[in-house]
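K.L.:
My structure is below; once you've seen it, I'll send some questions.
The values are calculated or read from the model by the stated rules, or taken from the named source; none is laboratory data. These numbers were taken from a predicted model, which means no experiment stands behind them. Virtual Cβ from ideal backbone geometry, glycine too; neighbours counted across all protein chains shown.
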Amino acid sequence: MATKTLLDIENLNVSFDTPKGIVEAVRNVSFTLGQERLGLVGESGSGKSQTGRAILRLTASQGHISADKMDFDGIDLINADEKTLRGVRGSRISMIMQDPRYSLNPIMTVGHQVAEAYLVHSKSSKREARERAMEMLKTVHIREPEKVYKLYPHEVSGGMGQRIMIAMMLIPDPDIIIADEPTSALDVTVQLQVLALLDDMVRDRGMGLIFISHDLSLVASFCDRVLVMYGGQIVETLDAKALHEAKHPYTQGLLNCLPRLDGSHKILPVLERDPAWMIAQDTRP
């Protein structure tokens with residue numbers, strides 16, 4: 001159970017200017033985050049990643065963000081200036097991006113990048129930063145961290161690059177982690193190790209985690225609460241353990257489309273959508 005509210009969002013909207021007009025990517029999204037693991041699920045294009053990026057004001061230049069409230073520890077994120085945001089990004093709220101190929105600097109060694117993340121947010125020496133970086137590489141289960149420390153991003157696999165990115169985001173010891181498909185490039189064994197690491201961070205350090213994923217089964221087993229997004233809106237909020245008891249037809253449709261080991265589905269059903277699901281509604285628990 002959450003014991004402290006870390007983030008409070010009311011009526012968050014994100015839109016983009018396109019040649020065909022304005023596209024509303026996130027519409028009237030409201031939720032709170034405590035010291036918990038909060039899952040954010042939905043199809044591609046449902047607004048999950050844009051919600052996560054908007055919290056840190058990392059929306060693309062052609063995008064527009066508005067909200068009635070986006071409060072983090074007394075900081076008004078929606079109206080904060082760049083200096084304030086620089087003090088929040090990374091050190092207090094970290095975001096683990098989905099694809100490390102686009103997040104790691106190709107001309108810097110991975111170890112240097114992890115150490116830099118510590119140096120930027122702490123008053124420490126380069127030697128201490130290197131030691132902390134080595135410790136964090138070990139924490140995310142990278143073998144031969146001394147060797148990997150000296151490698152460049154193109155010299156590591158996708159799965160290892162993902163773990164390096166996770167190490168970089170965790171090393172400043174933030175209050176909130178926004179994890180956008182953090183285990184998508186990992187094999188099952190390493191996936192479980194990374195989830196255990198994130199779980200330890202939430203439980204032992206009182207952090208909040210926003211876990212963005214397409215994997216409903218994974219979210220149901222790992223998270224405390226789940227927000228289901230469709231068309232940029234939150235259509236249902238429920239306890240993760242009760243995900244199979246979802247009432248909204250969209251959530252039920254997603255669950256019915258999952259393949260089953262018992263073979264009860266000869267042909268996976270196709271999700272039938274209803275335009276009425278796009279009607280704005282109050283989804284706060």
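K.L.:
Looking only at residues in region 62-106 that are of a type in the set (Asp, Glu) and free of Cβ contacts under 8 Å to residues at least 12 places away in the same chain, which one is surrounded by the most Cβ atoms within 10 Å (Cβ to Cβ)? Give the steps one after another, and end with the answer.
P.N.:
Of all residues in region 62-106, those of a type in the set (Asp, Glu) come to 68, 71, 73, 76, 81-82, 99.
Of the ones still in play, those that are also free of Cβ contacts under 8 Å to residues at least 12 places away in the same chain are 76, 81-82.
Values: Asp76: 12, Asp81: 7, Glu82: 9.
Here the residue is Asp76.
K.L.:
Which condition does Met165 not pass, out of (1) farther than 26 Å from Gly47 by Cα; (2) touching a residue at least 24 places away in the same chain (Cβ under 8 Å); (3) in a helix (DSSP H, G or I), if it passes all the others?
P.N.:
Only one criterion is unmet by Met165, namely (1).
K.L.:
Cβ-Cβ below 8 Å, separation at least six or inter-chain, first residue in region 111-133 and farther than 19 Å from Glu146 by Cα, second polar (S, T, N, Q) and outside any helix (DSSP H, G or I): which pairs?
P.N.:
Going by the 8 Å Cβ cut-off, the qualifying pairs are Val120/Ser91; His121/Ser91.
K.L.:
Is there a residue in region 137-154 that is touching a residue at least 60 places away in the same chain (Cβ under 8 Å), surrounded by fewer than 20 Cβ atoms within 10 Å (Cβ to Cβ) and under 27 Å from Leu58 (Cβ atoms)? Before you say what the answer is, go through the steps one by one.
P.N.:
Going residue by residue through region 137-154, those that are touching a residue at least 60 places away in the same chain (Cβ under 8 Å) are none.
So far as region 137-154 goes, no, none of its residues is touching a residue at least 60 places away in the same chain (Cβ under 8 Å), surrounded by fewer than 20 Cβ atoms within 10 Å (Cβ to Cβ) and under 27 Å from Leu58 (Cβ atoms).
K.L.:
Ok, one more. Could you please find all residues in region 78-124 being among the charged types (D, E, K, R) and farther than 27 Å from Gly63 by Cβ?
P.N.:
Taking region 78-124 and keeping what is among the charged types (D, E, K, R), we get 81-83, 86, 89, 92, 99, 101, 116, 123.
Selection gives Glu116, Lys123.
K.L.:
So, restricting to strands (runs of 3 or more DSSP E) that lie completely within region 189-264, which ones have at least 2 residues that are modelled with pLDDT of 85 or more and within 21 Å of Met168 (Cβ to Cβ)?
P.N.:
On the way: elements: 208-213, 225-230, 233-239.
Ranges flagged: 208-213.
K.L.:
Determine which single condition Asp180 fails, assuming it passes every other condition in (1) at pLDDT below 90; (2) in contact with a helix residue (DSSP H, G or I) (Cβ under 6 Å, 6 or more places away or on another chain).
P.N.:
(1)
K.L.:
While we're here: So which residues in region 14-31 are free of Cβ contacts under 8 Å to residues at least 60 places away in the same chain and either surrounded by fewer than 18 Cβ atoms within 10 Å (Cβ to Cβ) or out of contact with any strand residue (DSSP E or B) (no Cβ under 8 Å at 6 or more places or on another chain) (or both)?
P.N.:
Phe16, Asp17, Thr18, Pro19, Lys20, Gly21, Ile22, Val23
K.L.:
Here is a further query. Is it the case that some residue within region 62-83 is in a loop (DSSP other than H, G, I, E, B) and among the basic types (Lys, Arg)?
P.N.:
Pass one, region 62-83, residues in a loop (DSSP other than H, G, I, E, B): 62, 67-68, 73-74, 77-81.
Filter once more, so that each one left must be among the basic types (Lys, Arg): none.
Among the residues of region 62-83, not one is in a loop (DSSP other than H, G, I, E, B) and among the basic types (Lys, Arg), which makes the answer no.
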